[in-house]
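Visitor: Provided herewith is a single structure, encoded as structure tokens, for subsequent inquiry.
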Amino acid sequence: MPLHLPLASIHSGRGPLVIACHGVTDTASALGDLIYRLHDRYHVVALDTLGHGLSREATPEECREPLPAALRALSESVELLVAEYGPAVGIGHSMGGGLITRLAADHPQWFVGVVGEDPAWLSAERAQQYQENLPDSVAYHQQVRQNPAQTLATNYQEFPSWPQRDRCGWLDGKLAVDLTYLAAGNVGYPDWQLWATNLRIPTLIITGDAPGVVIGRAGVEQIHALNNPQIETVVIPEAPHCVRRHNPEEFHRILDEFLARVHP
């Protein structure tokens, strides 16, 4: 039986451990295509972050510092998983990418590698934009709850190439996210350069160069300036913030090469 973890989780497959973390307002089920592509070779555990999916809501105290609270909850779950199944590769998108890379910097003994899909390694300007856009973000998620069917239909229209396995999970994330947690607005790390230097395990950052990406080509230059030989970067041309859904084949080709090297 799967372990009882502090965070809600999806377990699939057998083999070396892979831990997957979603972005803000997504869920573990929104990682359906990634789980499907990896479960024949790996034991994939996808986690619902604190305040998301089927995980518990954040307490009022946690909402005052939501990202540290999410990191603590993730740390408790990962520690249990690694104790049971051995060291993992962590994979995270956006906020999940920020959380899993920060955890790998703090606890390298738990990981053999880590992958950030356009992780929330934020510039000060981007962090400020998130704060300014909070009222609109909360209002959008309230609207989604009024008409989820229309929201899903719009998603099909706007993103026709997305993997079908991710769509219902994407919608579920919008319906289930704790709006109080979302309104707190702390979803990434403006201080990432201070601790990314300390990453001592193989680290892969995959980003795109379309408008709206977090890392992009400018961020890749900043990463290279850290002179940390453990961090490698890949830019997929024309990919937006959710790289894996825009170009699944190229994303998974790159990911598979990394996994084969660090977690065979």
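The values are calculated or read from the model by the stated rules, or taken from the named source; none is laboratory data. None of these values were measured; they are calculated from a predicted model. Note that we place each Cβ from the backbone using ideal geometry, even for glycine, and neighbour counts take in every protein chain shown. Ligands, DNA and RNA are stripped out before the accessible areas are found, and what is left, the full protein with its side chains, is counted by its heavy atoms. Shrake-Rupley method; radii C 1.70, N 1.55, O 1.52, S 1.80 Å.
Visitor: Residues to consider are Ala28, Ala8, Ala70; find the one that is crowded, with 23+ Cβ neighbours inside 10 Å, of a type in the set (A, V, I, L, M, F, W, C) and more than 29 Å from Glu249 (Cβ to Cβ). Before you say what the answer is, go through the steps one by one.
Guide: Details: Ala28 fails: more than 29 Å from Glu249 (Cβ to Cβ); Ala8 fails: crowded, with 23+ Cβ neighbours inside 10 Å.
Exactly one residue qualifies, and that residue is Ala70.
Visitor: Sticking with this one: Please count how many residues of segment 63-77 are touching a residue at least 24 places away in the same chain (Cβ under 8 Å) and either over 14 Å from the mean Cα position of the chain (by Cα) or in a loop (DSSP other than H, G, I, E, B) (or both).
Guide: Initial filter on segment 63-77 (touching a residue at least 24 places away in the same chain (Cβ under 8 Å)): 63-67, 70-71, 73-77.
Now narrow it down to the ones that are either over 14 Å from the mean Cα position of the chain (by Cα) or in a loop (DSSP other than H, G, I, E, B) (or both): 63-66, 73, 75-77.
So the answer is 8.
Visitor: With Thr27, Thr59 as the choices, which residue is at pLDDT 95 or above and in contact with a Gly (Cβ under 6 Å, 6 or more places away or on another chain)?
Guide: Working: Thr59 fails: in contact with a Gly (Cβ under 6 Å, 6 or more places away or on another chain).
Thr27 is the lone residue from the list that is at pLDDT 95 or above and in contact with a Gly (Cβ under 6 Å, 6 or more places away or on another chain).
Visitor: Next question. Among helices (runs of 4 or more DSSP H) lying entirely in segment 207-262, which contain 2 or more residues that are without any contact (Cβ under 8 Å) to a residue 24 or more places away in the chain? Show your work before the answer.
Guide: Details: elements: 216-225, 243-246, 248-262.
Fully inside segment 207-262 and qualifying: 216-225, 248-262.
Visitor: Among the residues of segment 138-183, how many are open to solvent by less than 40 Å² (accessible area, probe 1.4 Å), part of a helix (DSSP H, G or I) and touching a residue at least 60 places away in the same chain (Cβ under 8 Å)?
Guide: Looking only at that region, the number is 9.
Visitor: Looking at segment 1-30, which of its residues are more than 15 Å from Ser94 (Cα to Cα), assigned to a loop (DSSP other than H, G, I, E, B) and hydrophobic (A, V, I, L, M, F, W, C)?
Guide: Selection gives Met1, Leu3, Leu5, Leu7, Ala8.
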